[in-house]
1. Enumerate the helices (runs of 4 or more DSSP H) found wholly within region 686-800, keeping only those where 1 or more residues are basic (Lys, Arg) and either open to solvent by 10 Å² or more (accessible area, probe 1.4 Å) or touching a helix residue (DSSP H, G or I) at 6+ places or on another chain (Cβ under 9 Å) (or both).
2. Looking at region 431-443, can you tell me whether even one residue there is buried (at least 21 other Cβ atoms within 10 Å of the Cβ), over 21 Å from Ser407 (Cα atoms), more than 21 Å from the chain's Cα centre (by Cα) and not aliphatic (A, V, I, L, M)?
3. Of all the residues that make up region 594-624, how many are of a type outside the set (Ser, Thr, Tyr) and within 14 Å of Leu561 (Cβ to Cβ)?
4. Filter region 359-408 down to the residues that are assigned to a strand (DSSP E or B) and farther than 18 Å from Thr304 by Cα and list them by number.
5. If I filter region 314-327 down to residues being free of Cβ contacts under 8 Å to residues at least 12 places away in the same chain and over 24 Å from Trp373 (Cα atoms), which single residue comes out as least open to solvent (accessible area, probe 1.4 Å)?
6. Please pick out the residue among Asp330, Asp291, Asp303, Asp311 that is more than 26 Å from Asn700 (Cα to Cα) and open to solvent by less than 60 Å² (accessible area, probe 1.4 Å).
7. Could you list, in sequence order, all residues of region 354-382 that are farther than 26 Å from Ala340 by Cα, touching a strand residue (DSSP E or B) at 6+ places or on another chain (Cβ under 8 Å) and open to solvent by 30 Å² or more (accessible area, probe 1.4 Å)?
8. Six or more apart or on different chains, Cβ under 8 Å: which pairs go from a residue in region 489-501 that's under 16 Å from Thr520 (Cα atoms) to one that's among the polar types (S, T, N, Q) and open to solvent by 20 Å² or more (accessible area, probe 1.4 Å)? Could you list them?
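The values are calculated or read from the model by the stated rules, or taken from the named source; none is laboratory data. Predicted model only: the values in this text are computed from it and were never measured. Here the Cβ positions follow ideal geometry from the backbone for every residue, glycine too, while neighbour counts run over all protein chains shown. Keep in mind that these areas ignore ligands, DNA and RNA; they rest on the heavy atoms of the full protein, side chains included. Shrake-Rupley method; radii C 1.70, N 1.55, O 1.52, S 1.80 Å.
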Amino acid sequence: MRAGIFALQFMMLLTSSAFAQSPPVTLEQIMSDPDWIGNQPEGAYWADDSASVFYQQKRVGETIRDTFRVSLQDLSIRQVDYDAQLSSANANRRYDRERSQVVWIHDGDVYTRELPSGEVRQLTSTVARERAAMFINGSNTVAYLADGSYRLHDLNTGRVSQLTDLKFSEDPDKAEKFDTLRESQRRIYDTIVEVSRRDRAQKDTREQQARDSAFAAPLPLYLGKNLEEAGRWLSPNGRFLLLATQPADHTAGKAGIMPNYMTESGYTETEALRPRVGRNPPPAHTLWLIDVELQMVTTVPMDTLPGVDKDPLAKLRDQALEWHVERGADKSELEKLLKAPEQRAVRLEGVQWSPDGQHVALQLHAVDNKDRWIATIDTDEPTLVSQHRLTDEAWINYAHNDYGWLSDSETLWYLSEESGYSHLYTKRLGARRATALTQGEYVVSEVNLSPDGVALYYVANKSHPSTYEIHRARVDGSGSDTLTALGGVNNYRLSPDGEHLVVIHSEFDRHPDLFHVALTTGAVQRLTDTVTEAFKAIDWVIPEIVEVPSSHVDRSIYSKLYLPKDFDPSKSYPAVMFVHGAGYTQNAHAGWPYYFREFLFHTLLTQRGVIVIDMDYRASKGYGRDWRTAIYRQMGHPETEDFKDGVNWLVENYGVDRQRVGVYGGSYGGFMTFMSMFMEPDLFAAGAGLRPVVDWAHYNHGYTSNILNTPLIDPMAFEKSSPIYFAEGLSKPLLIAAGMQDNNVFFQDSVLLVQRLLELQKQDFELAVYPLDPHNFTHPDSWLDEYRRILKLFETHVIP
């Protein structure tokens, strides 16, 4: 009932007068600077008193962001200047134990404020960019990171001190190896011995004074050479410091080189880019627990993690050896390269100290991508204890891995895909089993603990895969509440007093704006309306979310379907399939799309009598683990099967002419345009691959190694998944479009495909080059030219 009231109130908020006639849609307007649509609120956060909300908005014609404040009392919106922003803490605020003070970082400096009201104190004004500010030891001391080390600011005295002095070198007083020449010098020359004794005595005296004095600088702690810091995290009580290090001499592969021919100097300039997959695997971390008070350093071994000593890639290593040798590689050299490590490399991905500082929870990730552990360290016994292991034969999701502590400092909450979907769990330290707070065929994300510690707020697509609402689960496991029924896609920021939500809400044809939901009454208020009247005046085609039956899995393929306004089921229609990029993303949802230009372009296509379908093919986000991992070691194959199902469904249900279906997409969508056209030459009449991946061996390590492992260990997967190996199948017109300043998918990929098509003597393809644009185009002229070419391609080969 309550959710229904929310929805009714919300619909009343959105009611507006209809326009007599919609202005025509033009490609020139669609692809112009998005300022014409309006600039949405960004980075919303609550004021300390929970009575107003701050947000930023891009200035028209500029990249500058201005800050605004909207009052809940009268809904007034006022721009605030730089100094006025300091009237409240911002989104990175941290409270003291009693919530009587708040500390935050603004523009790289540290500020504090007493609550509920009080004078703001600026603690730093430096060139260094301070970060990670927090209270320790109650309310009297603020700690923050500056120049790589923690500083302690005593709020009573104003004194600033350095917490530790960590040295990545050998201790100069460490026992030296025996040396005959040195020993003879000591035996012969008394002066040398006496000077050494005096120096040692002076150093011992200084060290003893430092131990006895609360005001002396910290003593150096030597961790050894050939190390570099990967991160440090201070406990809330200020007693312990967790440190992660990695080898300083870890080598990266040969960097890519990107030329820029359009420069102010007139000369060609180059930029070094990332190495390719397998050339720069991230190094393993070493963990250190430092007792600041006792100046003790303890390494924390990872061999207690379950499964860390098992190689999940053992079979692939054997297959890869055979594969490489069959193609002429030296077997003895490869056996060395493919030898499994004694212990898998593990990296620290997150650190959460318990509120009392007694325990620290770590999220650890195997470099081979097959395991994720949540483990704890008790500061009394610095041993790693696994609290939860998530393992996957394919790869661990790099999203939906949030975790943290409940307020009792003895219970963890975390997200896990172990059921097949991302769900919320709690687990008390020492307990054998966790408690599931959510369950079902939906995905949970964006978890936050309420200020009173009794509930966890989250976003989930419970009612339909396309719709994301806000929910609240009680930490005692007694149930969950649905807090919004606004439709579309929603995210939220919980107010400091826990009584309000600012909701970031979007719909198919409306970009995100801010709404207020009062949790005590359920009342809904619109806070911002940043979409321009020019955009609202156009009668955009709103897609329907449809379920396309799959012929390969017992699941539906959720898709957006755009129909012409005058659709007649008795007529025959051409169709275009848009393929979303980003690999792991969701586009068949009810909110404002990341691909908003394409959404607008699809209205233009429907005005030309074209049906458009946009499928969340296997690999897409929002549908659980198995949908995501279906592409493991075979990228492009399950997706093409889904495309075939999509085309067949359009033919059978909407009168689409099978011979008049086009396809286009960018990035992963460009890759899939190639794979589908090369492997299924009769599926599409023409296609456009934009900023496309052609050979996965040229892409980055972080993304690619999840799905295909590496070219050394799994060359079979790279060959099966790269369009360059299937190019001979091209038989229909193809447009390739790429920016030459693309530091994500290199322009080289498109060049490699063009050369391959030349060697295969293919005729019906063209390459459009954009000299100044990166992966996501930044120049409206380039957007317009690219989509003019796409439209021309479809008008020539699909629409007639």
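1. On the way: elements: 701-708, 715-721, 747-759, 780-797.
Correct list: 715-721, 747-759, 780-797.
2. No: region 431-443 contains no residue that is buried (at least 21 other Cβ atoms within 10 Å of the Cβ), over 21 Å from Ser407 (Cα atoms), more than 21 Å from the chain's Cα centre (by Cα) and not aliphatic (A, V, I, L, M).
3. Residues of region 594-624 of a type outside the set (Ser, Thr, Tyr): 596-602, 604-605, 607-616, 618-619, 621-622, 624.
Okay, now just the ones that are also within 14 Å of Leu561 (Cβ to Cβ), so 599, 602, 605, 610-616.
So the count comes out to 10.
4. Quick first cut of region 359-408, residues assigned to a strand (DSSP E or B) only: 359-366, 371-378, 381-391, 403-405.
Passing the criteria: Tyr403, Gly404, Trp405.
5. Within region 314-327, the first condition is being free of Cβ contacts under 8 Å to residues at least 12 places away in the same chain, and the residues that meet it are 315, 318, 322, 325-327.
Next, from what is left, pick out any that are over 24 Å from Trp373 (Cα atoms): 318, 322, 325-327.
Values: Asp318: 106, Glu322: 113, Val325: 55, Glu326: 126, Arg327: 128 Å².
Filtering region 314-327 for residues that are free of Cβ contacts under 8 Å to residues at least 12 places away in the same chain and over 24 Å from Trp373 (Cα atoms), the one least open to solvent (accessible area, probe 1.4 Å) comes out as Val325.
6. On the way: Asp330 fails: open to solvent by less than 60 Å² (accessible area, probe 1.4 Å); Asp303 fails: open to solvent by less than 60 Å² (accessible area, probe 1.4 Å); Asp311 fails: more than 26 Å from Asn700 (Cα to Cα).
After ruling out the rest, the residue left standing is Asp291.
7. Pro355, Gln358, Asp378, Pro382 - these are the residues of region 354-382 that are farther than 26 Å from Ala340 by Cα, touching a strand residue (DSSP E or B) at 6+ places or on another chain (Cβ under 8 Å) and open to solvent by 30 Å² or more (accessible area, probe 1.4 Å).
8. Filtered contacts from region 489-501: Leu494/Asn448; Glu499/Thr520.
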